[in-house]
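The values are calculated or read from the model by the stated rules, or taken from the named source; none is laboratory data. Keep in mind the model is a prediction, meaning the values are calculated, not measured. Cβ placement follows ideal geometry from the backbone for every residue including glycine, while neighbour counts extend to all protein chains displayed.
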Amino acid sequence: MKVIDTPLKEVKIIIPDTYEDTRGSFFESFNEKSFQALGVHAIFVQDNQSASSKNVLRGLHFQKAPYEQGKLVRVITGGVLDVVVDMRKDSPTFGKYFSCELNAVNKHMLWVPTGFAHGFLTLADDTIFVYKCTNFYNKASEGGIKWNDPDLAINWGISNPLVSEKDTILPAWKNVNEHG
């Protein structure tokens, strides 16, 4: 496995060693020892999976204390533009975002530690997105930021994605930032 640092210090792109031949391909999507060697020290307690058509935008979501979640995210089929926003007030990259493409071809994964909001836009029909979480989901502590917040100015590459009703009414970054 290889790791690529991102402008958001603790967020990492992880590239698995992939073995391909005439039969297909194989790779380890998670190996605790390998991840620890890369500096990702996480215990995962929950796996989630979503299936979406093209141009579905999910996010930006996070869990408030004490239910924060670190996530290891990847795509099984299709592709996504994956986006994380640094919500750590003491961070030099507070309020900044990072995006990258994850897809079934490149097999890249993204490590999103606690303290970040997360979302993704599907780039293909029949996209299956999976993520391992370091904490259990807790409905009472869920939070979010409006996907098209002008203060964050995220370049999603689309002006009219398919967004859930719940995600259309998420608060602005300045409201989340001021009130936690």
The range 135-161 residues that are exposed (fewer than 13 other Cβ atoms within 10 Å of the Cβ), paired with ones that are of a type in the set (Val, Ile, Thr) and assigned to a loop (DSSP other than H, G, I, E, B) (beta carbon under 9 Å, 6 or more apart): Phe136/Val45
Within the range 86-101, which residues are within 23 Å of Phe35 (Cβ to Cβ) and either aromatic (Phe, Trp, Tyr) or under 11 Å from the mean Cα position of the chain (by Cα) (or both)? Phe98, Ser99, Cys100, Glu101
Go through the residues of the range 27-41 one by one and say whether even a single one is surrounded by 13 or more Cβ atoms within 10 Å (Cβ to Cβ), among the hydroxyl-bearing types (Ser, Thr, Tyr) and at pLDDT below 95. yes
Would the range 12-19 turn up any residue that is in contact with a His (Cβ under 7 Å, 6 or more places away or on another chain), closer than 23 Å to Glu142 by Cα and crowded, with 18+ Cβ neighbours inside 10 Å? no
